[in-house]
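Notes follow once the structure below has been shown.
Taken together, the values in this text are just the output of simple stated rules run on the coordinates, not laboratory data. No experiment lies behind these values; they were computed from the predicted model shown. Ideal geometry is used to build each Cβ from the backbone, glycine not excepted, and the neighbour counts take in all protein chains shown.
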Amino acid sequence: MKKMIVTGGAGFIGSNFVHYVVKNHPEIHVTVLDKLTYAGNEANLAGLPADRVELIVGDIADAELVDKLVKETDAVVHYAAESHNDNSLEDPYPFLQTNIIGTYTLIEACRKYDVRYHHVSTDEVYGDLPLREDLPGHGEGPGEKFTAETSYNPSSPYSSTKAGSDLLVKAWVRSFGLKATISNCSNNYGPYQHIEKFIPRQITNILSGIRPKLYGEGKNVRDWIHTNDHSSAVWTILTKGRIGETYLIGADGEQNNKAVLELILELMNQPKDAYEHVVDRPGHDLRYAIDSTKLYQELGWEPQFTNFKDGLADTIQWYTDNASWWQAEKAAVEAKYAKNNQ
Ligand code: NAD
Ligand code: TDX
């Protein structure tokens, strides 16, 4: 493999993956295909060598453009998506267009040119799990974490379009022999994450003198993984994974939202209760938890960034040092949330 296309490579996780590839795999040339929606930012790729990374501004649903690019590449790693649950509750249409039609467009081109395809997806396709305290095995019994065998049961317009895109890929593997793998990862954190998302929203609230906002009681659990560990896992699956297989990516990082917020407040020298409870998200998933045994055992992957407190401290430092990256957008993001009393 010498050339790869990374869709959504100007977004949060995609740009972290591009940095990862440039740093660790000097033999690869990366073409980023990104529409630069509100979530995409050319600055996320700043400083990368021009002879190794090329940005093409375009839509993954543009069949002509996709055909032209895929024809010339060895692999496609597909990150581009509409990614925010709250936005999908306001206006689902772009989620259908990008996540379903966009994925369809990419896999059609990959099938035509027999190009290796990796599909980046989310644990949210599996719906949610009960809280550990409500389970007899406290979350460690059979069926109490997501595995590749868990049935799909998505809750939001966002997660249902991701589920739909996963199913398209599975069908293209079976019916057309598409050379694809799928990964379903848990919640990522780290630099370059859009400030609409939970962790950067609260960090930038505190930096802006705004009280952080916790949905409902804050009991909902997310299984946090550092975005660099997501990148190494995707690379491992792309290069060692078995065609047609699904691998779940997680790093045993379960935390409820209240605990995460309290840790952010502590790390930023704020009182533990310096936040507001706001209106809960409709249909809010309760708990996600990933069993990534298959990825560990079959492909020998291991996460490196497993100290959540240290990772969070680094992330806080990044948003503190890079205020110019987010400040211009802050007021508009908060005004949008305020309309729903969030
Ligand atoms: P993001 O919203 O930060 O970035 C998405 C990128 O895709 C942006 O650069 C945007 O400009 C681009 N894009 C959107 N529509 C496009 C289109 N039609 N054509 C071309 N480019 C388009 O998202 P993210 O959080 O980095 O998520 C990336 C991927 O990882 C998504 O597929 C998401 O479902 C998946 N994922 C995210 C998480 C998470 O915690 N954020 C966890 C698991 C999986
Ligand atoms: O202000 C907030 N207050 C709050 O309590 C926001 C924005 C969120 N929350 C809660 C909702 C969730 O329980 O925090 C948790 C995390 O919220 P998000 O950052 O919106 O992430 P989530 O909905 O869990 O989805 C994320 O992980 C899975 C990504 O956005 C998805 O793209 C990915 O598939």
Query raised in the report: When both residues are 6+ apart or on different chains and their Cβ atoms are under 7 Å apart, which pairs have a first residue that lies in the range 33-45 and is at positive phi, and a second that is of a type in the set (Gly, Ala, Ser) and buried (at least 20 other Cβ atoms within 10 Å of the Cβ)?
Result: LEU36/ALA10
Report summary line: Note on the range 86-112: residues surrounded by 16 or more Cβ atoms within 10 Å (Cβ to Cβ), among the hydroxyl-bearing types (Ser, Thr, Tyr) and more than 16 Å from ligand 2 (Cβ to nearest atom) are TYR104, THR105
Query raised in the report: Somewhere in the range 253-273, is a residue out of contact with any Asp or Glu (no Cβ under 8 Å at 6 or more places or on another chain) and within 22 Å of HIS119 (Cβ to Cβ)?
Result: no
Report task. Could you please find all residues in the range 265-313 being surrounded by 15 or more Cβ atoms within 10 Å (Cβ to Cβ), within 30 Å of PRO157 (Cβ to Cβ) and of a type in the set (A, V, I, L, M)? Result -> VAL278, LEU286, ALA289, ILE290, LEU295, LEU312
Report task. Would you point out the residue of the range 1-19, among those that are hydrophobic (A, V, I, L, M, F, W, C) and more than 16 Å from ligand 2 (Cβ to nearest atom), that is farthest from SER83 (Cα to Cα)? Result -> MET1
Report task. Among the numbered conditions (1) surrounded by fewer than 22 Cβ atoms within 10 Å (Cβ to Cβ); (2) near ligand 2 (Cβ under 10 Å from one of its atoms); (3) within 14 Å of the chain's Cα centre (by Cα), tell me where ASP223 comes up short. Result -> (1)
Query raised in the report: Where in the range 243-342 are the helices (runs of 4 or more DSSP H), entirely inside, with at least 3 residues that are within 16 Å of ligand 1 (Cβ to nearest atom) and in contact (Cβ under 8 Å) with a residue 40 or more places away in the chain?
Result: 308-321, 323-339
Query raised in the report: Quick one: would you say VAL30 is outside any loop (DSSP other than H, G, I, E, B), away from ligand 2 (no atom under 16 Å from the Cβ) and buried (at least 20 other Cβ atoms within 10 Å of the Cβ)?
Result: yes
Query raised in the report: Can you name every residue in the range 167-204 that is part of a loop (DSSP other than H, G, I, E, B), closer than 30 Å to ILE243 by Cα and away from ligand 1 (no atom under 11 Å from the Cβ)?
Result: GLY177, LEU178, LYS179
**Report entry** Restricting the range 129-162 to residues that are part of a helix (DSSP H, G or I) and either free of Cβ contacts under 8 Å to residues at least 40 places away in the same chain or in contact with a Lys or Arg (Cβ under 7 Å, 6 or more places away or on another chain) (or both), the residue that is surrounded by the fewest Cβ atoms within 10 Å (Cβ to Cβ)
**Finding:** GLU133
Query raised in the report: Considering only the range 98-146, how many residues are under 30 Å from GLU64 (Cα atoms) and more than 10 Å from ligand 1 (Cβ to nearest atom)?
Result: 14
**Report entry** Tally, over the range 8-27, of residues that are free of Cβ contacts under 8 Å to residues at least 40 places away in the same chain, within 16 Å of ALA46 (Cβ to Cβ) and assigned to a loop (DSSP other than H, G, I, E, B)
**Finding:** 0
Query - Matching residues in the range 42-64 - criterion: being surrounded by fewer than 17 Cβ atoms within 10 Å (Cβ to Cβ) and part of a helix (DSSP H, G or I) - result: GLU42, ALA43, ALA63, GLU64
